[in-house]
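Down below is the structure, laid out as structure tokens.
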Amino acid sequence: MEKLAINGGRRLDGKVMLQGSKNSALPILSACVTVNGISVIHNCPDLTDVTAALKILEHIGCRIKREGHTVIVDSTDANRFDIPDKLMREMRSSIVFLGALLARFGAACVSSPGGCEIGLRPIDLHLSALRKMNTYINETGGFLECATDNLCGADINLAFPSVGATENIMLASMGSSGETVITNAAREPEIIDLADYLKSCGAEIYGAGQSVIRIKSGKKLHSAEHTIIPDRIVASTFMACVASAGGRIAVDGVCKEHLAPVIPVFETAGCEVSAKRNELVIKSPERVSRVKSLGTMPYPGFPTDSQAIVMAMLTKAKGTSVISEKIFENRFRHVPELIKMGADIRVEDGRVAVIEGVKRLCAASVSSSDLRGGCALVVAALGADGKTVVDEIHHIDRGCEAFEICLSQLGAEIKRE
Ligand code: UD1
């Protein structure tokens, strides 16, 4: 098992190039199935989750070529609508293939994703929407068998603006007749990116990024080229790293607009943040200040994916911070590990963390329980005294490309062992 060993207390300085967004890459790769042709996807991050998505595409019958950060997907000969359980389990978000397979084949056979590290993650909203689009779904023994003889557009009002459900509906609409209108749709930048890719293939989608998305169906999609947006969550992770370790860094290749929900939080903590064009510069204060109250929300609220890393930064803040996790029910699994490092955190009702800032964190042997929680341990370790060892880093590799190499370039003492 690989681990990361981090000698804390080194100030960070320099520039890091931001990777492409994982949460954009995965739905866009599945969207390639809806196209009868070749998709050239640039800025695709090199991550284990992306490798898992490519394995699924290959199983379906697509031809894949990977050239650096460009992935070429030829889906002309795609001929299967099943995804084996083993491949489904490699990546939880593989559920986003459901809509794409239905659009292409009018059928899909996948295993049910079930809960994961951060919560139950039901897919009821995905399934009820697809049923409304005239899909018959049989759920037995952990498998989903879906079939339709005529996928129809529908008016779908989501009870919660689920990112995955919005994506699955958009993807299924690529093979339906009539118009689909999603109300209370997710507004995340990754939804806009998926729409932009589909539009470049000829789809007619209006309102992506807003609460009402309108999709005109019946268009045959053609080959296209697309560049994935920068990863706003990894950008915020680098920001938390410098806030914890101290120093000043530049993150190159950001989209400042996507970081609007997180920049004010770092500013409240006393960081100086400036962004010119696509470069963001962040300078830490001597010691960060508390953030009195912070709650995770759907975009444009503060992202749940940045909750753990910001909590790690606040463990050493002056004063008491309170963080409420409002999206997932089990997203505080990094807390016991941070406590091992000397953090003073109390969790109330499983959803609210009260963080009393301490002056110092100490090195410890800690274990990642999920992707962002693992990153949070690295954030804390960079600002802790001594050598911290972070275990189970396969979680981190799901979403952060060459994390330790980027941090080394910034002056951190970090090694994969
Ligand atoms: C996506 C992101 C994930 C991010 C999350 C919230 C990807 C690959 N993953 O996950 O990184 O943390 O958005 O921004 O893009 N829910 C239901 N029923 C459903 C669907 C969702 O109850 O059918 C609930 C979930 O349990 C959760 C909430 O809605 O409590 C948000 O889930 P959702 O927005 O769907 O997140 P994901 O698409 O799974």
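Can MET88 be described as within 23 Å of SER369 (Cβ to Cβ) and without any contact (Cβ under 8 Å) to a residue 60 or more places away in the chain? Give the derivation first.
Numbers: within 23 Å of SER369 (Cβ to Cβ): yes; without any contact (Cβ under 8 Å) to a residue 60 or more places away in the chain: yes.
Considered against the rule, which asks whether it is within 23 Å of SER369 (Cβ to Cβ) and without any contact (Cβ under 8 Å) to a residue 60 or more places away in the chain, MET88 comes out as yes.
Can you tell me which of PHE97, PHE160 is part of a loop (DSSP other than H, G, I, E, B), within 16 Å of the ligand (Cβ to nearest atom) and at negative phi? Walk me through how you get there before you give the answer.
Numbers: PHE97 fails: part of a loop (DSSP other than H, G, I, E, B).
Matching residue, one of PHE97, PHE160: PHE160.
Could you list, in sequence order, all residues of the range 37-79 that are part of a loop (DSSP other than H, G, I, E, B) and free of Cβ contacts under 8 Å to residues at least 24 places away in the same chain?
Our first condition is that a residue be part of a loop (DSSP other than H, G, I, E, B); within the range 37-79, this holds for 37, 43-47, 61-62, 68-69, 75-79.
Within the range 37-79, GLY61, GLY68, ASP77, ASN79 meet the criteria.
Return the total of residues in the range 337-361 being open to solvent by 70 Å² or more (accessible area, probe 1.4 Å) and assigned to a helix (DSSP H, G or I).
2
Filter the range 382-408 down to the residues that are in a helix (DSSP H, G or I) and either over 29 Å from ALA52 (Cα atoms) or open to solvent by 10 Å² or more (accessible area, probe 1.4 Å) (or both) and list them by number.
Within the range 382-408, the subset in a helix (DSSP H, G or I) is 382, 394-397, 403-408.
Across the range 382-408, the qualifying residues are LEU382, HIS394, HIS395, ASP397, GLU404, ILE405, CYS406, SER408.
Looking at the range 305-327, which of its residues are within 12 Å of the ligand (Cβ to nearest atom), open to solvent by 20 Å² or more (accessible area, probe 1.4 Å) and not charged (D, E, K, R)?
The answer is ILE327, and nothing else.
Just checking, how many residues over the range 120-136 are open to solvent by 10 Å² or more (accessible area, probe 1.4 Å), in contact (Cβ under 8 Å) with a residue 24 or more places away in the chain, near the ligand (Cβ under 9 Å from one of its atoms) and not in a loop (DSSP other than H, G, I, E, B)?
Final tally of qualifying residues: 2.
Does any residue in the range 161-185 that is without any contact (Cβ under 8 Å) to a residue 40 or more places away in the chain and under 10 Å from LYS216 (Cα atoms) come within less than 7 Å, Cβ to Cβ, of a residue that is part of a strand (DSSP E or B) and away from the ligand (no atom under 15 Å from the Cβ) six or more places away or on a different chain, and which pairs are these?
GLU179/ARG214; GLU179/ILE215; GLU179/LYS216; VAL181/ASP155; VAL181/ARG214
The values are calculated or read from the model by the stated rules, or taken from the named source; none is laboratory data. In this text the structure is predicted, and so the values were computed from the model without any measurement. Backbone-built Cβ (ideal geometry, glycine too); neighbour counts: all protein chains shown. Note: accessible area is taken over every heavy atom of the protein model, side chains too, but ligands, DNA and RNA are not part of it. Shrake-Rupley method; radii C 1.70, N 1.55, O 1.52, S 1.80 Å.
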